[in-house]
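Enquirer: Input: one structure, supplied below.
The values are calculated or read from the model by the stated rules, or taken from the named source; none is laboratory data. The model shown is predicted, which means the values in this text are computed figures rather than measured ones. Side chains included, ligands, DNA and RNA excluded: accessible areas come from the protein's heavy atoms. Shrake-Rupley method; radii C 1.70, N 1.55, O 1.52, S 1.80 Å.
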Amino acid sequence: MKKHLVRLSLGLVGLLTIGALAACGNTNAAEETTVVKLGVVGEQNEAWEHVQEELKEKENIDLQLVKFTDYRQPIVALEDGSIDLHAALTEIFMDNVNEESGYSNTTIAYTTLNPLGIYSEKITDISELADGATVALPNDVSNESRALLLLQTAGLITLDEDKGLLPTTSDVTDNPKQLKFELLDSNQTARALTDVDISLINNGMAVDAGLIPTEDAIYLEPVADSSTPYYNVIAARADETDNEVYQTVVAYYQTDEVKAIIDEVTKKSSIPVWE
């Protein structure tokens with residue numbers, strides 16, 4: 001009788017152990033980490049690093065920052081599935097690449113407006129620019145156009161109005177100083193400062209080069225209603241815009257804490273635009 005009870009007890013213990021292990025397995029499955037790969041450009045990513053920590057701690061989302069060196073790469077990577085989201089580009093730039101390449105990168109949220117600046121190691125005021133000066137411009141369509149429009153705003157050139165937001169150097173209708181334009185990859189415009197008279201540098205590239213746009217630019221792009229096309233975006237593939245995990249990433253980015261980090265790190269050179 002005692003042996004029978006022992007066998008029965010051991011059997012019950014075994015069943016309880018199996019049940020406990022199964023419960024653990026279910027818990028582990030429920031707590032499985034979700035990985036999201038986010039494309040960024042440049043090394044200054046303190047805001048996203050804060051979001052990364054918050055998502056890991058509170059949502060069990062592993063936000064992995066995938067760093068690129070130019071603005072087109074994240075668009076291609078999102079399209080081919082190498083990343084899940086990107087947050088490094090203006091909407092006008094992304095839309096332009098989408099149109100020329102047949103891609104489906106789609107805005108799911110806005111992040112910041114990062115004013116383009118005119119920088120120089122040779123002059124301290126735009127009025128000092130000499131006739132025949134050499135000007136470095138980004139060579140992709142939307143950033144070249146944005147740079148030319150900024151030169152027009154600064155009173156240096158006049159552009160064909162019919163070209164709207166996408167003029168090229170061939171659309172300059174008046175160039176009284178006979179400025180000479182050099183088209184470079186965006187990530188080369190800061191390095192070109194020693195070789196040209198002025199260089200038009202994207203905000204992120206300027207920060208990566210150790211410049212503070214609000215302090216070091218001799219002329220900074222004014223913020224106006226017309227700035228909307230230059231808002232930076234968080235983008236996903238067209239068929240994943242309602243993905244709940246991606247919307248959670250957006251919610252953790254669009255916070256007052258992230259605003260404060262952006263203000264501190266960029267010295268208010270980047271302007272949060274999600275409200």
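Enquirer: Not counting ligands, DNA or RNA, and with a 1.4 Å probe, what is LYS58's accessible surface area in Å² rounded to the nearest 10?
Expert: 120 Å²
Enquirer: Over the stretch 117-220, what is the percentage of antiparallel beta bridges among all DSSP beta bridges, to the nearest 5? All intermediate terms of the calculation are to be shown ahead of the outcome.
Expert: On the way: 7 of 14 bridges.
Taking every DSSP beta bridge within the stretch 117-220, about 50 percent pair in antiparallel fashion.
Enquirer: At a probe size of 1.4 Å, how large is the accessible area of SER226, to the nearest 10 Å²?
Expert: Accessible area of SER226: about 80 Å².
Enquirer: With the cut-off at 31 Å, tell me which of the pairs LYS163/LYS259; LYS67/LYS163; LYS163/LYS267; LYS67/LYS180; LYS58/LYS267; LYS56/LYS259 have Cα atoms farther apart than that. Before the final figure, lay out the partial values.
Expert: Details: LYS163/LYS259 35 Å; LYS67/LYS163 33 Å; LYS163/LYS267 34 Å; LYS67/LYS180 33 Å; LYS58/LYS267 29 Å; LYS56/LYS259 20 Å.
Violating the 31 Å Cα-Cα cut-off are LYS163/LYS259; LYS67/LYS163; LYS163/LYS267; LYS67/LYS180.
Enquirer: Can you tell me which lysines have their Cα less than 17 Å from the Cα of LYS177? Leave out same-chain residues fewer than eight positions away.
Expert: Result set, ordered by chain and number: LYS122.
Enquirer: Mind listing the long-range amide H neighbours of GLN64? Cut-off is under 5 Å, sequence gap 5 or more, other chains count too, H placed in the peptide plane at 1.01 Å from N.
Expert: Hits under the 5 Å cutoff: VAL36, LYS37, LEU38.
Enquirer: Angle, helix 2-30 long axis vs. longest principal axis of the chain, Cα atoms, 0 to 90°, nearest 10?
Expert: 10 degrees
Enquirer: Based on the Cα atoms of the chain, what semi-axes does the equivalent ellipsoid have, where each is the square root of 5 times one gyration tensor eigenvalue, given in whole Å with the largest first?
Expert: They are 53, 18, 14 Å, listed from largest to smallest.
Enquirer: Can you give the three extents of the C-alpha atoms in the stretch 117-220 along their principal axes, from longest to shortest, in whole Å?
Expert: 37, 26, 22
Enquirer: Still on this model: Calculate, in nm to one decimal, what ASN243 and TRP274 gain on full extension: separation in residues at 0.36 nm each, minus their alpha carbon distance. List each step's numbers first, then the result.
Expert: On the way: separation 31, 0.36 × 31 = 11.16 nm, distance 1.91 nm.
Additional length available on full extension: 9.3 nm.
Enquirer: Once phi is turned into θ = phi - 60°, what whole-Hz ³J(HN,Hα) does the Karplus curve with 6.51, -1.76 and 1.60 give for every residue of the stretch 60-68, x standing for Gly and Pro?
Expert: Once rounded to whole Hz, the list reads 6, 9, 8, 7, 9, 8, 9, 8, 10.
Enquirer: How would ASP84, ASP185, ASP263 rank on accessible area, largest to smallest, probe 1.4 Å?
Expert: Working: ASP84 30, ASP185 85, ASP263 55 Å².
Highest to lowest solvent-accessible surface, that is ASP185, ASP263, ASP84.
Enquirer: Does the stretch 97-137 come out rounded, prolate or oblate by the C-alpha gyration tensor, with a ≥ b ≥ c the root eigenvalues, rounded set by a/c under 1.5 and, if not, prolate when a/b is larger than b/c and oblate if not? Walk me through the intermediate numbers first.
Expert: Working: a/c = 5.83, a/b = 2.25, b/c = 2.59.
In terms of gyration-tensor shape, oblate.
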